[in-house]
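Inspection log for the structure reproduced underneath, given as structure tokens.
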Amino acid sequence: MKYLLLILFIAMGVQHQAFAQSWDDRNSSENLDSPVTISDTYRGYPQRPFHVGVVYPLSSNGVAAADYVNKVSIHLFAGVERGLNGVAFSGLANVDVSFVEGVQFAGITNVNAGDLLGAQLAGIANVNAGYAQGLQMAGIANVNGDSAVAGQFAGIVNINAGSLTGAQFAGIANVNTTFTDGGQFAGVLNISPGAVSGIQAAGVANYASEIQGTQLAAVINVAGKVRGAQIGLLNIADSVDGVSIGFLSLVRHGYHRLEFSGSEALHTQMAIKLGVQHFYNIFSVGYHLSGNDPLTYGEEPTWAYGYGVGAEFNLGPTWRMNIDLTTFDVIEKENTFTNKKLNLLNQFRLNFGAQFGRSFTLVFGPSFNVMVSQLSGSDGFNIGSDIAPWTVYDRTHDGTNVKMWPGANIAIRF
């Protein structure tokens with residue numbers, strides 16, 4: 001094997017010496033009038049149809065490999081060239097000093113110090129220092145140092161230091177430092193300090209200074225201005241022209257209301273509503289006054305805590321309509337925090353409000369209630385909750401009682 005490598009080294013040295021001599025002859029004073037054909041140069045650099053080798057400088061272009069543009073470059077380990085105008089294959093790495101127009105294939109990494117027009121495909125990482133138009137695919141990471149009209153696909157992370165028109169797909173994270181026109185899709189995190197026009201979808205979190213489109217995350221979305229939708233467990237924004245859908249949405253210039261109400265089911269109730277006008281979250285607590293009120297007789301109180309969602313619509317300059325859906329866990333009788341049983345009040349409200357001034361609204365409207373309970377009745381035998389004042393439906397099946405009744409409520413909102 002060592003003899004074979006020695007022979008290969010000598011052969012490449014001879015070839016390089018012969019090429020250097022022929023190139024000097026071509027540019028000598030005796031050949032000044034001899035034209036250089038288009039195929040001999042590319043972008044002002046000498047071009048060769050083939051470049052083969054083991055590792056720099058053990059190649060057909062020798063120590064001057066960085067001076068030449070190649071159409072086909074094949075290396076056992078690593079190759080170096082001025083630029084690529086075709087295709088390059090390497091077991092470990094491809095390195096281009098000025099540009100790539102074509103495709104780089106490498107077992108570990110592709111590095112281009114200039115612009116990319118084409119594709120980089122590597123087992124570990126791709127690095128492009130300039131503008132990119134095309135595709136980067138890597139097992140771990142893709143890095144682009146300037147703007148890109150491209151797709152980046154990586155097992156771990158994609159980083160683009162300029163604007164991006166296209167898409168980033170990563171197993172862990174995508175980072176784009178300026179404007180994004182397209183999409184970011186990551187298993188964990190998407191970050192775009194600039195604006196995004198398109199979609200951010202992540203398994204955990206998304207961040208953008210501004211988004212026109214959609215943020216979709218399993219845990220949290222954070223943005224400045226939103227024109228479109230945020231969908232996640234927790235949504236945070238400065239302003240939203242659209243909707244924020246989640247368990248909790250905190251919008252600085254959004255919908256923030258405090259409401260005190262009473263109904264036949266929960267005689268006193270307080271609710272906080274947060275989000276945006278067309279989709280807000282409801283966090284509520286209520287109290288039910290029984291015939292033997294515990295405030296007077298010392299019995300265990302009947303109270304409830306609930307969560308819901310709602311939407312508000314403008315009916316005119318001062319009139320509002322609200323649609324609220326709320327589910328309450330009602331604490332009564334043997335249903336306590338230490339002895340939990342199914343006892344849920346599901347309430348639909350259609351409310352109308354008259355606004356007085358900037359911050360006060362008088363609210364009233366009908367409701368419909370569905371009580372689902374597995375509690376024992378006050379007589380110890382019947383199944384169900386005692387808070388329903390009347391019913392239009394009352395059935396028990398397999399130890400679960402369902403009661404339904406229409407109702408009404410009145411409220412003041414700040």
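Counting each DSSP H run of 4 or more residues in the chain as -39500 (n - 2.57), what helix-only mean residue ellipticity at 222 nm follows after dividing by all residues, to the nearest 500 deg cm²/dmol?
Computed mean residue ellipticity for the chain: -2500 deg cm²/dmol.
How large is Rg/Rh for segment 163-253, to two decimals, with Cα atoms and a Kirkwood Rh?
Working: Rg = 11.3 Å, Rh = 12.1 Å.
My calculation of the ratio gives 0.93.
Once the Cα atoms of helix 2-26 and of the chain are each reduced to a long axis, what angle between those two axes, in degrees from 0 to 90 to the nearest 10, is obtained?
For 2-26 against the chain, the angle is about 70 degrees.
When all C-alpha to C-alpha distances in segment 172-213 are sorted into bins of 10 Å, what percent of pairs does each bin hold, rounded to whole numbers?
38, 58, 4
Which entry in [x] 145; [y] 208; [z] 174 matches volume of the Cα convex hull per residue in Å³ derived from the coordinates of this structure?
Answer by label: [y].
Of GLN136, THR180, HIS397, whose Cα points farthest to the positive end of the dipole of the chain (charges on the beta-carbon: +1 Lys, Arg; -1 Asp, Glu; origin at the Cα centre)?
The residue sitting farthest along the positive end of the dipole is HIS397.
Given a Förster radius of 41 Å and the C-beta distance between PHE356 and SER376 as r, what FRET efficiency does 1/(1 + (r/R0)^6) yield to the nearest 0.05?
0.35
Need the full-extension length gain, LEU325 to ASP238, defined as separation in residues times 0.36 nm minus the C-alpha distance. One decimal, nm.
Numbers: separation 87, 0.36 × 87 = 31.32 nm, distance 2.58 nm.
Fully extending the segment from LEU325 to ASP238 adds 28.7 nm.
How many percent of DSSP beta bridges within segment 34-192 run antiparallel, rounded to 5? It would help to have the intermediate numbers written out before the result.
Working: 4 of 88 bridges.
Counting only bridges with both partners in segment 34-192, antiparallel ones make up about 5 percent.
Using the Cα centre as the reference, give the magnitude of the dipole from point charges on the C-beta atoms of the chain (Lys, Arg: +1; Asp, Glu: -1; all else neutral), rounded to the nearest 20 debye.
With only Lys, Arg, Asp and Glu charged at Cβ, the dipole is about 220 debye.
Between PHE414 and TYR307, what FRET efficiency follows from the Cβ-Cβ distance if R0 is 35 Å, with the result rounded to 0.05? Can you show the working numbers first?
Numbers: r = 20 Å, r/R0 = 0.58.
Rounded to the nearest 0.05, the efficiency is 0.95.
Taking the simple approach of a point 7 Å from Cα along Cα-to-Cβ for both HIS256 and PHE50, what is their distance in nm?
Spacing of the two 7 Å Cα→Cβ label points: 7.3 nm.
Among the DSSP beta bridges whose two residues both lie in the chain, what percent are antiparallel, rounded to the nearest 5? Could you put the intermediate results ahead of the total?
Working: 88 of 217 bridges.
Beta bridges within the chain, antiparallel portion: roughly 40 percent.
Report Rg (one decimal) and Dmax (nearest whole number) for segment 256-413, counting Cα atoms only, units Å.
Reported Rg and Dmax, both Å: 16.5, 53.
Read the figures in this text as sums done on the coordinates, not as results from a lab. What you are looking at is a predicted structure, and each value in this text was computed from that prediction instead of being measured. Quick reminder, even Gly has a Cβ in these numbers, built from the backbone with ideal geometry, and neighbours come from all protein chains shown.
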